[in-house]
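The values are calculated or read from the model by the stated rules, or taken from the named source; none is laboratory data. Not measured: the values here are computed from a predicted model. Cβ coordinates were reconstructed from backbone atoms using ideal geometry, including for glycine residues, and neighbour counts include every protein chain displayed.
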Amino acid sequence: MEIPAVVPLATWISFCVVFVLALVYSFFYIRHYQSKYHSECSSSLAAIFSLTVTLMSIALVPIDVFVVSFMKDENGNYTQWAESNSTRQHLEDTLLYSYYALYACITVCFFMIIPFTLFYYEEGDEDTTTKQRICTALKYTSCFLFAAGVLLVIGAFVPLQSIPEDKNISNWQEFQFLVNELGDSKGETALYFLVGAITLLGTLGIIVYTSYGMSAWPIDNIRGFRNAKEELQEVQDEARANKEQRRHIRKKYRENRKKMSSRDKDRLDNLQDEEDLIQRKERHLVTIQKSLWYKCGVCWRPFQVVLGIALIPMGILVFISLILTSVDRFKHSLGAKTGYVLPERHYPNPIDMFLLLCQQVFPLDYIFFVGLVVYFLFASMAGIRRIGIWFCCVKMYKIRPHKTKPQGLLFLCLIMMCVILALNVMLYTLAPEYMTYGNQKYIPSNSTTPVQCTTAIKDCTMTVTTALLTKFVFQLWFFGACYYWANWVFLAFILIALLVALIKKRRSTIEGEVDASDTDDSDVEPLNL
């Protein structure tokens, strides 16, 4: 039977709307952070395209869930149009190829477009021609392409774990259906191995940046910024103390008519640098006090507090859901050798249950799911902005609105790409049943009441995203084990970050505007390595 028009209509409308939103979000996100004084069109376009493609990979998940859920009615029977295996297979293949296309684009952006754009900008010089810049950028980008090729070869030829056929254990028989949802293909395995390696980097980003953002973001909103008038008074006091110290040093040598020692000379130079920084702070504080935005702060301050208070239960809900599912996977999964895959949920999961309930009224689940993703994105952004971009314990770039140079912007984009890919794995932990079967039901042989589908039941259609993830973490169980234990590290870092956020003082009114490493135009510069 022909597929009802509502399925492709709802699917494509949702996909197009989310694509437009992702593109608009990426555009304004990059424009918000890129420097006013140092920017390049190629860097901005590469960052916007890469971020949009990565966002679409996660936006495809609720569409995947909607398609498989719509195949069954409330009584657990396949609808008339979905009774044919060929019809269901056609829809699954369409989604599968969409995932592959998006993942292929992500790897191209990660290993080719962004590195090439980064090196192309670095080679920018008045004496360097465009051809020379392209050749140099291609030379360095080839290293990234070589790394990608090595990962693809490993993924294509690495020995894959297979299910033991002689085991008379029901769990293995149940799990065999789950793993065999997708056919074997070395090319597909190589691609997913490559994406899995990027995702593994993303778990580190989630542990460091997202955990701190989830804790610091609501607390900072509730606390607010310091009072500009009081802060200006402190800066003026610092200026007077600085001036007095410089006057004292000069007076000592003027009276004794001695040559100034190298120690005092260095001290005087440091005080002069501090004076320059203090003057820039004073100029910004005076400007902020006169701005309309600051004067209207009393009006929007209550909304900021409400937002901070609203983010707290959201964070608690995520924390509880992750703990419950992680404990459930530890006790009831098929073990580390299967990537801690959970065939059936045993403990209640608030987010999972709420998504299944919302799915009864389309598109409530889509809205909540997008809201959950946006929450993680903004938490990650908050963490990156507060911590900055580090490499080998050295802070390379600060992320500040309108002051981030193209190099920092591209590194920011790389981190966000990794984090978004890792979110796909974390969302499976947050909502395993919703991500696997949606609200599909089946009728047990000893009952007439429909119940939620589980892995042990073959009369259910699994989402493509879960089938891909499950097969990958089973055949290459090391990745699945890393993803699982990363959840526990993430939970621990949330508690540590919460303690740090509570101890820290209120943020300055000019935070992100003035820094000791800034030039006179207050533009950001990479820290000296």
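Take the conditions in contact with a helix residue (DSSP H, G or I) (Cβ under 6 Å, 6 or more places away or on another chain), of a type in the set (D, E, K, R), surrounded by 15 or more Cβ atoms within 10 Å (Cβ to Cβ) and at pLDDT below 90 and apply them to Arg345. Does it pass? So Arg345 fits the description; yes.
Please work out if Phe66 is under 22 Å from Tyr375 (Cβ atoms) and surrounded by fewer than 20 Cβ atoms within 10 Å (Cβ to Cβ). No; evaluated as a whole, the condition is false for this residue. Going by the structure shown, is Ala46 in contact (Cβ under 8 Å) with a residue 40 or more places away in the chain, surrounded by fewer than 22 Cβ atoms within 10 Å (Cβ to Cβ) and outside any loop (DSSP other than H, G, I, E, B)? No. Of all the numbered requirements in (1) in contact with a Lys or Arg (Cβ under 7 Å, 6 or more places away or on another chain); (2) at pLDDT 75 or above, Val489 misses one, and that requirement is (1). Name the single residue that is farthest from Gly196 (Cα to Cα) among those in the stretch 465-513 being of a type in the set (A, V, I, L, M) and in contact with an Asp or Glu (Cβ under 8 Å, 6 or more places away or on another chain). Within the stretch 465-513, the match that is farthest from Gly196 (Cα to Cα) is Ile510. Collect the residues in the stretch 297-341 that are touching a residue at least 40 places away in the same chain (Cβ under 8 Å), hydrophobic (A, V, I, L, M, F, W, C) and touching a Pro at 6+ places or on another chain (Cβ under 6 Å), keeping them in residue-number order. Of everything in the stretch 297-341, those that are touching a residue at least 40 places away in the same chain (Cβ under 8 Å), hydrophobic (A, V, I, L, M, F, W, C) and touching a Pro at 6+ places or on another chain (Cβ under 6 Å) turn out to be Leu311, Ile312.
For the structure I just gave you, tell me whether Arg267 is over 25 Å from Lys504 (Cα atoms), in contact (Cβ under 8 Å) with a residue 12 or more places away in the chain and assigned to a helix (DSSP H, G or I). Judged against the criteria, Arg267 is a match.
Of all residues assigned to the stretch 278-296, at least one qualifies as being out of contact with any Pro (no Cβ under 8 Å at 6 or more places or on another chain), surrounded by 10 or more Cβ atoms within 10 Å (Cβ to Cβ) and assigned to a loop (DSSP other than H, G, I, E, B). In this structure, Phe369 does satisfy being crowded, with 21+ Cβ neighbours inside 10 Å and either of a type in the set (A, V, I, L, M, F, W, C) or at pLDDT 85 or above (or both). Could you tell me whether the stretch 333-350 includes any residue that is of a type in the set (Gly, Ala, Ser) and farther than 21 Å from Trp485 by Cβ? There is no residue in the stretch 333-350 that is of a type in the set (Gly, Ala, Ser) and farther than 21 Å from Trp485 by Cβ. In the set Leu334, Leu356, Leu317, only one residue is touching a strand residue (DSSP E or B) at 6+ places or on another chain (Cβ under 9 Å) and either surrounded by 15 or more Cβ atoms within 10 Å (Cβ to Cβ) or at positive phi (or both); that residue is Leu356.
Entry remark, the stretch 468-497: residues being of a type in the set (Ser, Thr, Tyr) and free of Cβ contacts under 8 Å to residues at least 40 places away in the same chain number 0 in total.
Taking the stretch 183-234 as the range and being surrounded by fewer than 19 Cβ atoms within 10 Å (Cβ to Cβ) and of a type in the set (S, T, N, Q) as the test, the residues that pass are Ser185, Asn227, Gln233. Only residues that are surrounded by fewer than 16 Cβ atoms within 10 Å (Cβ to Cβ) and of a type outside the set (Phe, Trp, Tyr) were counted across the stretch 78-107, and they come to 12.
Given the criteria surrounded by 21 or more Cβ atoms within 10 Å (Cβ to Cβ), hydrophobic (A, V, I, L, M, F, W, C) and either assigned to a helix (DSSP H, G or I) or free of Cβ contacts under 8 Å to residues at least 60 places away in the same chain (or both), does Val61 qualify? Spell out the reasoning first.
On the way: surrounded by 21 or more Cβ atoms within 10 Å (Cβ to Cβ): yes; hydrophobic (A, V, I, L, M, F, W, C): yes; either assigned to a helix (DSSP H, G or I) or free of Cβ contacts under 8 Å to residues at least 60 places away in the same chain (or both): yes.
Answer is yes for this residue.
Whether a residue is under 25 Å from the mean Cα position of the chain (by Cα), touching a residue at least 24 places away in the same chain (Cβ under 8 Å), within 23 Å of Met56 (Cα to Cα) and part of a helix (DSSP H, G or I) was assessed, and Gly383 passes this test. Look through Lys243, Lys259 and report the one residue that is without any contact (Cβ under 8 Å) to a residue 12 or more places away in the chain and at negative phi. The match here is Lys259. Is it true that Tyr103 is touching a helix residue (DSSP H, G or I) at 6+ places or on another chain (Cβ under 8 Å), among the hydroxyl-bearing types (Ser, Thr, Tyr), modelled with pLDDT of 80 or more and part of a helix (DSSP H, G or I)? Criteria met by Tyr103.
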